[in-house]
């Protein structure tokens, strides 16, 4: 985590430098713990996490939305109606990409089990700089980071510009909209419609929804024409390290948001 800039480690005499870094800012001090898991077939994983449940309440907004179940089903119904293909992927260690933008510092006592294992010094403190697992602030930090990227993502496919537009009724849903870009930008000869005319054209033509993207923490579900959906997923994978995309095929299934999605004849 230190190599990725997630934490800064301090111990011994260096702890004084940490307090200089914190300065006059408020801070929360919480313990850390080790989490050890076994994943199939025989992969042993160890992770240091923060015990966010020990932190006192703060005035910071911690809410991070997830897709509503009804919205999820409506989007799937629309995908069937439009004959769109469905792709899914998830971002690995997603929280660690997001900066912590808090009015206070977060200091974590390194897990004692790490000291006993000889992988860190006695009394090591972590000054947390990015969203780490276990912090109550991390889901919101990742949500803001993810949404900022999606909001400004430009998708160029077959010489057409697409943008993701966040739903106002369910922020976890994004509409992949085709923009009438040929009318709204300068041509090769330098001609461009006046701004007032471009605004009127845009308001009249509007957006054409070519697909839907659903987010659920670090899971993404993309619905669109096959090559377009694949292109969007690859743009996301260029930004973050993600799993290989799963594609919903005939008589197959995939799971998203604890829902098993199956494709059958007739939809």
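The values are calculated or read from the model by the stated rules, or taken from the named source; none is laboratory data. None of the values given here were measured: they were computed from a predicted structure. All Cβ positions, glycine included, derive from the backbone under ideal geometry; neighbour counts span all protein chains shown.
Computed values, structure above
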| read-out | value |
| --- | --- |
| Candidate set from the stretch 237-256 (those that are at pLDDT 85 or above and in a loop (DSSP other than H, G, I, E, B)); member that is surrounded by the fewest Cβ atoms within 10 Å (Cβ to Cβ) | 244 |
| Index of the failed condition, residue 86 passing every other in (1) farther than 20 Å from residue 218 by Cα; (2) touching a strand residue (DSSP E or B) at 6+ places or on another chain (Cβ under 6 Å) | (1) |
| Qualifying strands (runs of 3 or more DSSP E) (wholly inside the stretch 112-173; at least 2 residues being without any contact (Cβ under 8 Å) to a residue 12 or more places away in the chain) | 154-157 |
| Considering residues of the stretch 39-74 that are in a helix (DSSP H, G or I) and over 26 Å from residue 241 (Cα atoms) only, the residue farthest from the chain's Cα centre (by Cα) | 54 |
| Looking only at the stretch 112-134, and only at residues there that are closer than 12 Å to residue 47 by Cα and under 27 Å from the mean Cα position of the chain (by Cα), the one that is surrounded by the fewest Cβ atoms within 10 Å (Cβ to Cβ) | 133 |
| Checking residue 70 against (1) surrounded by 14 or more Cβ atoms within 10 Å (Cβ to Cβ); (2) out of contact with any helix residue (DSSP H, G or I) (no Cβ under 7 Å at 6 or more places or on another chain), the condition it does not meet | (1) |
